[in-house]
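Here the structure comes first, spelled out in C-alpha cells, and everything after it is commentary.
Every read-out reported here was derived from the displayed coordinates using simple, explicitly stated rules and does not represent laboratory data. All values reported here derive from a predicted model rather than from experimental measurement. Reconstructed Cβ throughout: ideal geometry from the backbone, glycine too, with neighbour counts over all protein chains shown.
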Amino acid sequence: MREMRLSQLPPSGKVFCTLFLAGIGCGALAAFTQAATAVGVSPAAVRDSLAPEAPMTDLHHGQMSAEKEIDVSQISDTAKVFIRTPLLIQTSHTHLFGQTLIAGLLALIFLFSSVGERSKCVIGALPFAGTLIDIGGMWATRFVSPSLSVLVTAGGTLFALGYVAIAVLSIYDLWFRKEHPV
Amino acid sequence: MSMRIALLLGSTVLSGLASMPARAHITPPVVLASDREAVVRLLPAATRYFVREVRPSPAEQNAIRQQTGWNADDDFYRFYVGRTAEGALVAATVFLSEFTLHGPLRVAVAVGPDGKVTGASVVEVTEESYTWVKPVLDSGFLQRFVGRDARSAPAQTGDVGGSMPRFYADVIARLVARAATLYEVTMPPK
C-alpha cells in the first residue's frame, strides 16, 4: 500500500468512501435493531430461537407420546421467531454472501489506510471472522449444543468492532490526516 | 497498490454484489399472534390445558406421507389440548410451518375429538408474504376448513384472487390438511 493512501484521495474519492462507511453503519444499526426485536441479541434469546425445541412433557427418547397438564401462562406469549433449519439455511446463505461482501469492501478501503500492516491484517479480518463465527454459531447452536449460542453474540460483536475500528481509522485518514493529494 | 488495481478489485467486489439475487432475501418476520393467543383463541371452551407431545412411528409417518405427501420427520409434534373442567376433550391445537421462497408461514390448527377442524389461524408470515396473505385472511378463507377432517377434499382455492394470494391459500390449505392428518394418525379417537 505504498503508492496510494486514503488521505491522498481526491475529494470525490473521500466523499464516496465516507458515504459508503456511513451507509454500512446505518445498515448495521438497522440490522441490530431487527435482530434485537425479532430474535434478541443475548445468548439466551438466540438459544430460544435456534436450539431444537425441548419437550414440555417428560417425553423420553424412544417414547411415542406423553401428556401433562399445564397452566396457560406456560405457553409462550412472546412474538418470537423460531428459526428452524430451512430458515437457517436461507438466513445463512444471504448473510454469508452479504456480510462477506461488505467485509470485503470495508477491507478494500482499509487497505489504503496508514496503519501498520500487522494492525491492518488484524482489524481488517475482524468483520470476516465475525461473520463466520456469527453464522457458524447459529449452526452450532442448533446442531451441536444450545450453549454455543454465545458464538452468535460474539460473532456479531466482532463484526461491529471491526466495522467501528475500520470506519474510525479510515475516516480519520480520509479527512484529518495531512498529506498532499496525488 | 496502484489506482488501477484498486479499481479492478472494487469493480470485482461490486459486480459480485450486483449479481446477488435480490429475490433470495427474506423480509423480516411478521408475528400475527403469540402461541398463547392462538391456543386460547382456538380452544375457547377449554378451561384446562394440557400438552401432548407425540413422536410419529415409522408406520404413522408413512401413513401421513401417503395421505398428504408430507414427511412428518420432526423429533416430536406438540398438541395443546383443551379440556373441560370434567376432563372432556374440547379440541387440540398444533402449530405447523411451511418454508416458501419468501420465508416461513406458520399456522395454528385446532382439531376436535371427532377429527374435524374447529378453527385455524395464521400466526407468522413475513413482511413480503403478508401483502399476499392478508387478502386471503380478510376474505374469511380460514373458515372454509371448519368441519373438515383429514379425508375431506382440501379447500378450493381457485376463487382466491391473484396468483400469489392463491399460492399462499394453497400453502395454508396444505398445512391445515397436514395438521388434521397428524391428529388423525397420532391421536386417534378413544
- Query: Residue separation times 0.36 nm, minus the C-alpha to C-alpha distance between A:PHE176 and A:THR157: what's the value?
  - Reply: 4.1 nm
- Query: In nanometres, what is the gap between the two model label sites at B:ALA88 and B:SER139, each 7 Å from Cα along Cα-to-Cβ?
  - Reply: 3.7
- Tell me, in nm to one decimal, what length is gained between A:VAL164 and A:GLN34 on full extension, where the rule is 0.36 nm per residue of separation less the Cα-Cα distance? 44.9 nm
- Cα centroid separation, the range A:111-163 to the range A:45-97 (Å): 26
- Using only Cα atoms, figure out Rg for the protein assembly as shown and give it as a multiple of 2.2 N^0.38 Å. 1.24
- Cα pair distances of the range B:26-186 binned at 10 Å [whole percent]: 11, 40, 36, 12, 1
- Counting only complete DSSP H runs, which helices of chain A cover 20 Å or more along their long axis at the Cα atoms and score a mean Kyte-Doolittle of 0.5 or above? A:11-38, A:85-110, A:117-143, A:150-175
- Please find, in a Gaussian network model of chain A (springs between Cα atoms separated by less than 10 Å), the residue of A:PRO86, A:PRO43, A:PRO55 whose mean-square fluctuation is greatest. A:PRO55
- Message: Under 8 Å for C-alpha pairs, at least 6 residues apart: give me the relative contact order for the range B:25-98, rounded to a whole percent.
- Response: 34
- Pop the C-beta distance of A:GLU53 and B:LEU101 into the FRET formula with R0 = 22 Å and round what comes out to the nearest 0.05. 0.35
- Message: Restricting to DSSP H runs of at least four residues, report the calculated mean residue ellipticity at 222 nm for the protein assembly as shown, -39500 (n - 2.57) per run over all residues, nearest 500 deg cm²/dmol.
- Response: -17000 deg cm²/dmol
- Report the local net charge at A:ALA51: Lys and Arg +1, Asp and Glu -1, summed over other residues whose C-beta lies under 12 Å from its C-beta. +1
- Task: Count neighbours as other Cβ atoms within 10 Å of each site's Cβ, and list the chymotrypsin sites (Phe, Trp or Tyr not before Pro) in the range B:63-122 that are DSSP loop with at most 11 such neighbours.
- Result: none
- Give me the aspartates and glutamates in straight-line cross-link reach of A:LYS14: C-alpha distance below 15 Å, same-chain residues under 8 apart excluded. A:ASP173, A:GLU179
- Message: Give the residue list of trypsin sites (Lys or Arg not before Pro) in the range A:1-75 that are DSSP loop and have at most 13 other beta-carbon atoms within 10 angstrom.
- Response: A:ARG2
- Relative to the Cα centre, what is the charge dipole magnitude of the protein assembly as shown, using +1 at the beta carbon of each Lys and Arg, -1 at the beta carbon of each Asp and Glu, and rounding to the nearest 20 debye? 760
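Report the gain in length on full extension from A:THR91 to A:ALA22: 0.36 nm times residue separation, minus Cα-Cα distance, nm rounded to one decimal.
Taking 0.36 nm per residue and subtracting the Cα distance, the gain is 22.4 nm.
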- Message: Placing +1 on the Cβ of each Lys and Arg and -1 on the Cβ of each Asp and Glu in the protein assembly as shown, which of B:VAL117, B:LEU101, B:THR157 has its Cα farthest towards the positive end of the resulting dipole?
- Response: B:LEU101
- Item | Check: the range B:23-131 dipole with +1 on Lys, Arg Cβ and -1 on Asp, Glu Cβ, in debye | 260
- Item | Cα-Cα pairs of chain A separated by more than 31 Å (percent) | 34
- Item | Of A:SER12, A:SER65, A:SER113, the one that fluctuates the most in a GNM where chain A has Cα springs shorter than 10 Å | A:SER65
